[in-house]
C-alpha cells in the first residue's frame, strides 16, 4: 500500500485493517510524518510535531497488537491534539508566548483516554491565540492556511486541527469549541466536526476560553470517525465537576434517515447566505428527505440577541481568566487578542447576567422545538473561506458584513444552549471551497446527529474529497 492511498483511508477503515494486522501502525505513522513534512511548511497546521515519541508509540502498538493486546479501533492511529489541551511531556502553548515553555506533567483527561485506547499523539495543532478568535492567524506560530486554497483562511480557533484532518496529516484530531471553534473550521476545510453536549466530555487540563461554554470535540473525516473518538473521550471525570454520567449511545449505522424529523426555520436557515451556500444546503436537505426524513417547519426563538450574548459571555469569562497575565505580561499577547481581553474587562455585571438569562430562555425555546423534531438544520457558516487577512465578507451583491459576526450567526445556538451540534460537508461552492451543514440535536443525542450525517454521507462523497487531489 503506497503512502497516498494509505492516507486516504478513514480512521474506521484504517483501524479495522490494523485490527486484522493487514496494516502496520509503524507504516501508518511514518506516512503521516512524511505528509506533515511535505505540507506543513505551507499550511502551518502544527505548532509542534512529536515525530520521535509517535514512532516509539507506533512500534509499541505493533508489538502489543501482535501479542493479542488490541485496545480498540483507535489503536495505532495518529491523532492530533489542539495545543490548548495538555499533553504530558509535550509543550502546550495555547498558541501563546506566555505558555511557550509550558510542558505539562500530566495529560488532559481526553488525551489520557485516547492514549489508553491506543491512539498515538502525532503533534500539537495551531490555533488562534488562547482560542480567542476565529481565524487561526497566529502571530507567534504562523498563519494557518486552508488546504483547498492556501490564500484563504481555515477558520478557527481549531483551524490547525481541521486543516490537519483535511490534508491527511492525521487520522483525527481534537479541537475545542466555545462559540463554534470546532464546527467553523470543519465547515471551511471540508471535514466533520462535533460539539458534544456540555458536560459530555471533560475539560480537565484544557486551557479555558469561557468555562461556561467550552467543550472539547472531535474532528474527523466522517461521522463514524467522530463517533469512534467521542466514545473514548466521553464520560464522567472526577477532576471535572461539570461532567455527567451519561452513556454514549451508539448510532444505528445503516438504518439511514428514515423517520428523522428535521426542524427548519426558513427565515433563519436560508437568509443572509452566499448563494452557493444556500444551494448546497437545500440540496443536502433534499438528499435527507430522499432518505426518508421529513421537514418540520418551525420558528426559532428570539435569535436577534444571539451574537451579542455570545460575545458578552465569552469576553467576560476570558478576561476574568486572563486578568493577572493581562496586567503583568500584556505585551506578550498578539494585538487582536490583547484588545479583545481589554474590551472584555469593560462589560458590566448586569450585561453578563442578562446574557446568561438570554441563554436560559433560548435553551427553553430550543428544547420546545426539539420536542416536535429530532434535529434542527442550518448552515454551519453562511459563507466560504475568505482570503487571509480579510475582516469582511460579501454575502451577496448588496450585502457585506463583518466576517466574525457572520461566523457566529449559526454556531451560537448550540454554544449558548449547551446542545450538541455537528458540522458535515455538504458540497462545494463555485470557488472550489467546501460548504458545511449543521445539525443540532437534543441533550446527549449525539448518536442521532451522527446517524443522520452517516446516512447523508452514504449517498454523497463530499467528505471523501481531498485537497491535494482536487
- Evaluation of residue 223 against (1) under 15 Å from the mean Cα position of the chain (by Cα); (2) within 15 Å of residue 108 (Cα to Cα) (one fails), failing number: (2)
- Message: Take residues that are under 30 Å from residue 267 (Cβ atoms) and either in the same structural domain as residue 294 (by TED's automatic domain parsing) or touching a helix residue (DSSP H, G or I) at 6+ places or on another chain (Cβ under 9 Å) (or both) and tell me which of the helices (runs of 4 or more DSSP H) falling wholly in segment 316-405 contain 3 or more.
- Response: 349-369
- Query: Among the residues of segment 127-134, is any at pLDDT 95 or above, over 23 Å from residue 228 (Cα atoms) and over 17 Å from the mean Cα position of the chain (by Cα)?
  - Reply: no
- All-but-one check, residue 256 against (1) assigned by TED's automatic domain parsing to the domain that holds residue 451; (2) at pLDDT below 95, failing number (1)
- Counted residues, segment 25-34 - those being surrounded by fewer than 21 Cβ atoms within 10 Å (Cβ to Cβ) and within 30 Å of residue 139 (Cβ to Cβ): 1
- Note on the structure: Those residues of segment 430-439 that are under 22 Å from residue 264 (Cα atoms) and either surrounded by fewer than 24 Cβ atoms within 10 Å (Cβ to Cβ) or free of Cβ contacts under 8 Å to residues at least 24 places away in the same chain (or both) come to a total of 0
- Query: Within the bounds of segment 209-218, is there any residue that is crowded, with 19+ Cβ neighbours inside 10 Å, part of a loop (DSSP other than H, G, I, E, B) and in contact with a strand residue (DSSP E or B) (Cβ under 8 Å, 6 or more places away or on another chain)?
  - Reply: yes
- Task: Select from segment 96-126 the residues that are free of Cβ contacts under 8 Å to residues at least 60 places away in the same chain and surrounded by 24 or more Cβ atoms within 10 Å (Cβ to Cβ) and list them in ascending order.
- Result: 118
- Message: The conditions are (1) modelled with pLDDT under 95; (2) under 15 Å from residue 76 (Cβ atoms); (3) not in a loop (DSSP other than H, G, I, E, B), and residue 1 fails exactly one of them. Which is it?
- Response: (3)
- Options 206, 184; residue that is farther than 23 Å from residue 374 by Cβ, crowded, with 24+ Cβ neighbours inside 10 Å and out of contact with any helix residue (DSSP H, G or I) (no Cβ under 7 Å at 6 or more places or on another chain): 206
- Pick out the one residue from 202, 157, 161 that is under 28 Å from residue 250 (Cβ atoms) and not in a helix (DSSP H, G or I). 202
- Does segment 6-24 hold any residues that are more than 21 Å from residue 227 (Cα to Cα) and either surrounded by fewer than 16 Cβ atoms within 10 Å (Cβ to Cβ) or in contact (Cβ under 8 Å) with a residue 60 or more places away in the chain (or both), and which are they? 21, 22
- Can you confirm whether segment 238-260 contains a residue that is within 15 Å of residue 114 (Cβ to Cβ) and either in a helix (DSSP H, G or I) or in contact with a strand residue (DSSP E or B) (Cβ under 9 Å, 6 or more places away or on another chain) (or both)? no
- Message: Can you tell me how many residues within segment 253-263 are surrounded by fewer than 19 Cβ atoms within 10 Å (Cβ to Cβ) and under 24 Å from the mean Cα position of the chain (by Cα)?
- Response: 1
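Table: residues versus (1) under 26 Å from the mean Cα position of the chain (by Cα); (2) surrounded by fewer than 20 Cβ atoms within 10 Å (Cβ to Cβ); (3) modelled with pLDDT under 95.
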residue: 337; (1), (2), (3): yes, no, no
residue: 346; (1), (2), (3): no, yes, no
residue: 349; (1), (2), (3): no, yes, no
residue: 354; (1), (2), (3): no, yes, no
residue: 371; (1), (2), (3): no, yes, no
residue: 384; (1), (2), (3): yes, no, no
residue: 399; (1), (2), (3): no, yes, yes
residue: 408; (1), (2), (3): yes, no, yes
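The values are calculated or read from the model by the stated rules, or taken from the named source; none is laboratory data. Here the structure is a predicted model, which is why all the values come from computation and not from measurement. Positions of Cβ are generated from backbone atoms using ideal geometry, with glycine treated the same way; all protein chains shown enter the neighbour counts.
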